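Heads up, the thing below is written out as structure tokens.
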Amino acid sequence: MMLWLYGLILRLVTPAVFVWLWLRGKKDRRYRSHWSERLALDAVSSELEGCIVIHSVSVGETLAAKRLIEQFIAQFPGEKVVITCMTPTARALIEKHFSNAVTCRYWPLDTPGAAKRFATKLKPKAVWIMETELWPQMLNRLAMKNTPVCLLNARLSERSAAGYRRFHCLMKSVWQQLVLVSVQNTETARRMSVLGVPKERLLVDGNLKYDIELSQTDKLKAASWKESSKGRWIWLGSSTHPGEHELLLAAHKAILNEEPEACLIIAPRHPEQFDAVAKLVEESSLTLARRSQCETIPSDCDVFLADSMGEMMLWGQLAPVSFIGGSLIERGGHNPLEVIAAGSNVMSGKHVFNFPQVYGELAKASAVNWVESVDDIVKTINKLQQPAVMKQQHDAAKGVLKTHQGATQRVLARALEYTLTGSGMIKTEQSPRGLIRYDSDIIEAIEDKHFTAQYWQQQKAIAGNSTGRATVWFIQQGDLGLLLRHYYRGGLVGKINKDRFLREPAEKSRAIYEFDLLLKLREKGLPVPRPVAARMEKTGVFSYKADILVEVIPGAVDVFRLLREKQLSAELWQKLGAVIKELHDAGVYHSDLNCHNLMLDDHDKAWIVDFDKCDFREEGDWKEANIQRLLRSLRKEKEKNETFYWKESRDWPELLTGYRR
């Protein structure tokens, strides 16, 4: 209901959005271009089907994602990449930097129709969203298409979290639809957990913005600029806003009284401010030069207007000191790391709530200079003209930068695992008969027939079977070995009702729950089988049946069968004890721990199988009870089988040694 109401509101306000774009176009005509993309009404080449969509909302997100995208393209040159954004400035930056290596387009408005057209035309293989740009209609549509979506480099301030809480009824399903949320810090992780992001999908991987460094191209580009401005004191106003331009110009006039050769490079945050700042400079009786008209800084200019985008690394190499904008007004500040990497020291106002961690660490290292007025700016510039002070502060800032680097590789590996190569390949198919969950990396398309022995017999793929309470089928398709198991009831109930269970939510049904649990255990690195597919099939009004397909562990034999043939060494018993301890340390309760569900492969690696009715538990006596259940199963088999090479006094202490080690 909430999603429907939200969609209705979006449809109603869409005309107003285009009126706003038209009015904004008076200052920047690019806002009047590509309108068909804003509603996904444009023609899309079929060659883009199956692409990876990376959504970087604006300039900041695009700059942060730049290295991650570069590494992805280098690793997967054959993949089609579509980068979406919301602003023409970000679009220009993307097109300039990546050229023909990617396709750039606008992310559509979040109306039901636009979301449906976007998902249908592109048919993306996966969607990576940078930071915290979430649109309910689009995520709902992508979920319906079984497209994995992950949120990368996410950050969430207390203010933003409060906003999401106000719309909890609308957003609660959104958090569930994300296969991965990779966040910058523990504070964001805590806030997102409160909002409803499942903890197993919530990971702290660091901030991509720390992974910035000067390339050889950056250094070569700056060389001629440095030569032409040699001998001049240059300082930078980076990403500045109205209300700050005036203060910087006033401060620069005061600096010129002491340093007549000084030059201020001013780089407004938004292109529509370029002409307004040029007018302010002229009204201040200062000499102006503009980047759009120069390839060097003229020797007679007092203020150099950087009316270009994507060149902050260049200006940071020329300026030993940089003021970071958006911080003297309540804008929340901007990222200082780019100019630090370029070699510049940082000064900032105190309104930096958009980057609390970065500025907090810089402040702790005495690597940021706080300013609130023109006098503060002038005093800071004078202080930082002392080489020893400048070097000390910049070394401290570079130390902060270096400490937090490495996030790009972690985040990229995580995104690949959850959307292209790992658990993100898990798809869910719903039908009137029930629900199927499967690993599309193993089975591209799933049908009910895959859960019947008859189908595999027709494919001549049955490799064998095992009988116990019921038959388990072993299937061999090329190099892939599968095990098909139908769920049966046990005990007295099973004599009356063989295989039907009381209807419950699909996520809690026997096969789906075991499938999801196996995924979680494998993500923790535990030695359990890889789940391939699971089905909950509705039967009658109140019941269901269940089936699961898992990958056969190559060369593995259960301990019961091994003990029918030979005695196990002390080392092997210790390995079995160690793997049970590993399971218990992860808080996993195995409801049927016995010698049939413990296995050893032909490399003597221990495995645990059959996780029906198992779950996670808090600390308690259940661990000892689990161990005792295994002991009872060994005693039982010893009594039942004439040949069973197990001796309690010899073998059981070895297993306990491995467990308690």
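May I ask you to give the average projected area over all directions of the convex hull of the Cα atoms of region 326-421, in nm² rounded to one decimal?
7.2
Relative to the longest principal axis of the Cα atoms of the chain, helix 407-416 runs at roughly 40 degrees.
Working note: Cα atoms of region 424-551, range along each principal axis, descending, whole Å: 40, 31, 30. Relative to the longest principal axis of the Cα atoms of the chain, helix 186-195 runs at roughly 60 degrees.
With the alpha-carbon atoms of the chain aligned to their principal axes, the span from lowest to highest coordinate is 103, 56, 43 Å, starting with the largest. Straight-line cross-link partners of residue 566 among the aspartates and glutamates, defined as a Cα under 19 Å from its Cα and at least 8 positions apart when in the same chain: 558, 601, 602, 604, 637, 639, 642, 648, 651, 654.
Pairs spanning more than 26 Å between alpha-carbon atoms, out of 230/253; 125/605; 172/520: 125/605. Computed over region 2-195, relative contact order equals 21 percent, with contacts defined as Cα pairs under 8 Å that lie 6+ residues apart. As a proxy for reagent exposure, 299, 46, 348, 160 were ordered by neighbouring Cβ count within 10 angstrom, fewest first; the result is 46, 299, 160, 348. When the Cα positions of 455, 399, 234 are compared along the charge dipole of the chain, 455 comes out farthest toward the positive end, with charges on each C-beta of Lys, Arg, Asp and Glu.
Between the alpha-carbon centres of region 500-516 and region 1-30 there is a gap of 43 Å. For region 216-403, the share of alpha carbon pairs falling in successive 10 Å distance bins from zero is 10, 41, 39, 11, 0 percent.
Considered as an equivalent ellipsoid built on the Cα gyration tensor, region 557-660 has semi-axes of 22, 14, 13 Å, the largest given first.
Our summary gives region 216-403 a relative contact order of 21 percent, counting only alpha carbon pairs under 8 angstrom and 6 or more residues apart. Here the chain is treated with +1 on each Lys and Arg Cβ and -1 on each Asp and Glu Cβ, and its dipole about the Cα centre works out to around 2000 debye. Residue ranges 71-77, 373-379, 119-125 sort as 119-125, 373-379, 71-77 when ordered by packing (mean number of other C-beta atoms within 10 Å per residue, highest first). With the alpha-carbon atoms of region 33-114 aligned to their principal axes, the span from lowest to highest coordinate is 34, 28, 20 Å, starting with the largest. Helical content of the chain, expressed as a calculated mean residue ellipticity at 222 nm, amounts to -13000 deg cm²/dmol (DSSP H runs of 4 or more residues, -39,500 (n - 2.57) each, divided by residue number, nearest 500). Can you tell me the relative contact order of the chain? Whole percent, Cα pairs under 8 Å, sequence separation 6 or more. The normalised contact order for the chain reaches 8 percent.
Between 0 and 90 degrees, the angle of helix 112-122 with respect to the longest Cα principal axis of the chain falls at about 80 degrees.
How do 485, 522, 166 rank when sorted from fewest to most other Cβ atoms within 10 Å of their own Cβ? Numbers along the way, then the final one.
Working: 485 21, 522 16, 166 9.
Going from sparsest to densest Cβ surroundings: 166, 522, 485.
State the dimensionless ratio Rg/Rh of region 2-195 (Rg: radius of gyration of Cα atoms; Rh: Kirkwood radius). Don't skip to the answer; put the middle values down first.
On the way: Rg = 16.4 Å, Rh = 17.4 Å.
Rg/Rh: 0.95.
Listed from fewest to most Cβ neighbours within 10 Å, the set 312, 2 follows the order 2, 312.
Read the figures in this text as sums done on the coordinates, not as results from a lab. Note that the coordinates shown come from a computational prediction; the quantities given were computed from them, not determined experimentally. Cβ atoms come from the backbone with ideal geometry, glycine included; neighbour counts cover every protein chain shown.
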